[in-house]
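Readers should treat all values here as calculations from the given coordinates under stated rules, not as data from a laboratory. All values reported here derive from a predicted model rather than from experimental measurement. Backbone-built Cβ (ideal geometry, glycine too); neighbour counts: all protein chains shown.
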Amino acid sequence: MPNNRHVQKEKVATYAAVLLDSAYQAGGQDAVLQVRDQAERIMRIERSNMDLANALEDSSYTPEQRGQVARGVFADLNPVLTEVLAVMAERGDFALLSRVWASYQEQLERKLDVTVVDVTTVVPLDDHLREVIAKKAEADLGTKVVLREQIDPSIIGGVLLTANGQRIDASVVSQLERARNVLKEQN
Amino acid sequence: MLVTEITAQSIDEALRKQLDALSTSVESREVGTVIQVGDGIARVDGLKDAMAGELLEFVSSTGQVVYGMAQNLEEDEVGAVLLGDVTAIKENDQVRTTGRLVEVPSGRAMLGRVVNPLGMPIDGKGPIQAEGTRPVEFKAPGVVYRKPVDEPMQTGILAVDSMIPIGRGQRELIIGDRQTGKTAIAIDAIINQKGKDMICIYVAVGQKASTVAGVVETLESYGAMDYTIVVNASASDSAPLQYIAPMAGAAIGEYFVYTGENGETAGPDNPGRAVLIVYDDLTKQAVAYRQMSLTLRRPPGREAYPGDIFYLHSRLLERAVKMSDEMGGGSMTALPIIETQAGDVSAYIPTNVISITDGQIYLQTDLFFQGQRPAVDVGISVSRVGGSAQVKAMKQVAGTLRLDLAAYRELKAFTQFGSDLDKATQDQLTRGSHMTELLKQKRYMPMPVMDQVVAIYAGGKGYLDSLPVEDVVRFRTELIDYLHASKQGIFDALYAEKKLTDAIEADLNAAIEAFKLSFAVSA
Amino acid sequence: MKVNRYKAWRLAGAAVLAAGASTLAVPAMAFAAESETAGISAILPDMAEFIPMLVAFIVLVVVLAKFGWPKFDAMLQRREDTIKDALEKSERDRIESERILQEYKKQLEDAKSQASQIVAEAKSTGEAVKADITAKAQAEAANMIEKAHGAIEADKKAAIAELQGSVADLSVAVASRIIGKDLSDDEHRAIIERYVNEAGSFHAE
């Protein structure tokens, strides 16, 4: 297996490009965004589930076996993603998933001029809020913005915006936490 | 004296004041995700803008915040060490950058306290109100900000102060096998700083908590905790904490060196303070760093230590400093301790540290078991720069002492075959054995410098030669007690003149002779 | 010189002896002369007697001078020497004893002064030690009091900090419950809008 950094990087970029292009051909921007979300979920699962990660990276299985496992586990996903993941598993590159995901993000922004902003709130957004948030994010990031909305009651209130590894934490829970720390400080 | 009253009002006021300071503005921060965690090490995805040595905040799923330090900056991930509750952090937890390097609080309020390497108190005496903070990693000041060592740092130990003098700002290694009294020398040095306007820092790395508790108790019972800070990363703390402990101690000390009493930056009118720092011991720090580096997957080198282990110790010890007068003239004297295995000083870490420091105090197991305590081997111990800082009077008497002992060692080897000796040889042997005996000293009994001068003077002039060897220590103690009680004038003159003038010598001779008349030799 | 004097003594002694012997011999001859002759012949020695007597006398003198005298002389000499020696020795002894007496007297005096000096020194030493111990004890006591004060102060501060901490915890808990439970969706949305507008940019730098 080549360990050269550049070869590795090329490989990651190729996987990401294939994923992006075929998803776009299959279903346009919506499919691309769906693949992104699904890939992210898989990445999280893979990190916290050692059994899965081991099964997909274990070289004592034949490539076909690994591919089969991947196809079986990821059957419910977007077919493009399932296929790419299976190929990665077959070729023993599954560990590159997080880098592929990062590269996918970066190519998404470059090729489609779209940045995904994760918005976490306690209550569902209304159209007015969507507009306010999208406007702010577009002004900050200089690209078109797609909002992925999530509801998480544990932030109590406020909003959590994440894009490109940067996060604006305007949640009530962290505000309160900050207040608690300041109050506990001795003058 | 300030007396705090506990009233509802005072607490209310404090809370309101803090609340006013609370800002609600939110800035964006970089966040990453933990890919993998284990052995006190976390690999973090994202954080493209993290700095080397930056303080990271790990937020566990329960909301608990654990601090970490960015170590390996790679293309698409960051290797970080966790400084705190290692078990709280799991995969997929969030990591935030803080934009700050790892810092420790410092200030006079820390005196008498036991803190962990992050400056948090671990002695149960309540929170510490720090005056300021210092970065744990700090580049040592350059040549123009320094000046040569010119003030003595008295350890109160005869063998050390006479023949291996240490100056303020020096780095003097204490090296020896286990159980040879390395820590004892450092503790004696700290106890001897009482009333000398010196701030002491004792950094315990990888030691049993009970040992450290014992040290703290000893320091307390000799009143030395009033000017001492203990930084403790015990054996049960994680390797990263043990790794930063010496640097944290140095940072706490640097606060005193670089700021004056008024909290402003030290300068010509605002003198910096003198600090003595003991790293006990750097062997354990090296081992912790090795563990950390291996788990961070850095390539191992000799004895599996990472390639930058020399740089780790050299940059730490380079922080020992004597500042120039323009910079306030503060000083940080470092006493690193290295433990050798079976006296092997040619192992990797000992040779490294020996080559970095300005001299070393060797402690030998066989001397220790022969009853020669402190077990300092004066033949191979050296101080490369301390001589220029030595008190004049001590220089005068120590010259003969060194010669006597050297001649004694040489002769002793020959005379072990036991042939007839001429008078001169026998005299030299007697002198040598008495001088060697004179250097014995009990723990926690540091001697003021002029007491040492008088003791060595008495030995060098041959007043001890006629005594039985086993009476030498008692003679020394009683002589000094006698002189202090009835001939204090001699000491006053010595402290005023700082050297042995003819008049003082005459007085001293007379006094010693008078004392010797009344000294009862034990049967 | 001494030998000469010794010889002279010997000669003189022999002469005296000879004279004594002649006076002893003369009366006997005189009686013999008286019985046979009278007049001047009575005092004149009879040659027949005189000659052998003289010979005997001379022989006696010679024998005595040769063997008796030296012994006698040596005895005298010895005796004289003994007496002289005894005298000299007694003189020496007297001087010596006087010197020793002086020495003893001096030593006694020295000892006396030394003893008083030692006593004085011991006194001053004792006083210095006493002062030292007292000062140390006082300093220690003051130190202990100060430390105790410090400890009490630290405890108070710790208590305040703890109290302040629990007040903070409590108020934050209350606040989060109020915000979480009692805010309507629209109020939440208002908060979100305000926060979004107030929040800093994604590009923190």
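Size of region A:4-109 from its Cα atoms: along the principal axes, largest to smallest, the extents are 38, 34, 24 Å.
Can you give the helix-only mean residue ellipticity at 222 nm for chain B, where every DSSP H stretch with n ≥ 4 adds -39500 (n - 2.57) and the sum goes over all residues, rounded to the nearest 500 deg cm²/dmol? That calculation yields -11500 deg cm²/dmol at 222 nm. Packing around the peptides B:299-306, B:145-152, taken as the average count of other Cβ atoms within 10 Å per residue, puts them in this order, highest first: B:145-152, B:299-306.
Qualifying GluC sites (Glu not before Pro) in region B:213-301, where qualification requires a DSSP coil assignment and no more than 15 other C-beta atoms within 10 Å, comprise B:Glu261, B:Glu264.
When peptides B:165-171, C:143-149 are sorted by average Cβ neighbour count within 10 Å, with the highest value leading, the order is B:165-171, C:143-149. Take each residue in C:123-132, count the other chain C-beta atoms within 10 Å of its C-beta, and the mean is 2. Per-residue extension of 0.36 nm, minus the Cα-Cα distance of B:Ser388 and B:Thr501, leaves a gain of 38.7 nm for this segment.
Here the spin labels are modelled as points 7 Å beyond Cα on the Cα-Cβ line, and at B:Arg443 and B:Asp226 they lie 2.4 nm apart. Legend: calculated FRET efficiency, B:Asp85 to B:Ala52, from the Cβ-Cβ distance at R0 = 22 Å, rounded to 0.05, equals 0.40. Counting only DSSP beta bridges whose two residues both lie in chain B, roughly 60 percent are antiparallel.
The fewest-to-most ranking of B:Val353, B:Val212, B:Val65, C:Val62 by surrounding Cβ atoms within 10 Å reads C:Val62, B:Val65, B:Val212, B:Val353. Per residue of peptide B:46-52, the mean number of Cβ atoms on other chains within 10 Å of the residue Cβ is 2.
Measuring r between the beta carbons of A:Gln65 and A:Glu10 and using R0 = 30 Å, the FRET efficiency lands at 0.65. The fraction of all Cα pairs in the protein assembly as shown landing in successive 10 Å bins from 0 to the largest distance is 2, 9, 14, 15, 13, 10, 8, 6, 5, 3, 2, 2, 2, 2, 2, 2, 1, 1, 1, 0, 0, 0, given as whole percents. Between the Cα long axis of helix A:63-73 and the first principal axis of chain A there is an angle of about 40°, rounded to the nearest 10. For the segment C:152-165, counting C-beta atoms of other chains within 10 Å of every residue's C-beta and taking the mean gives 6.
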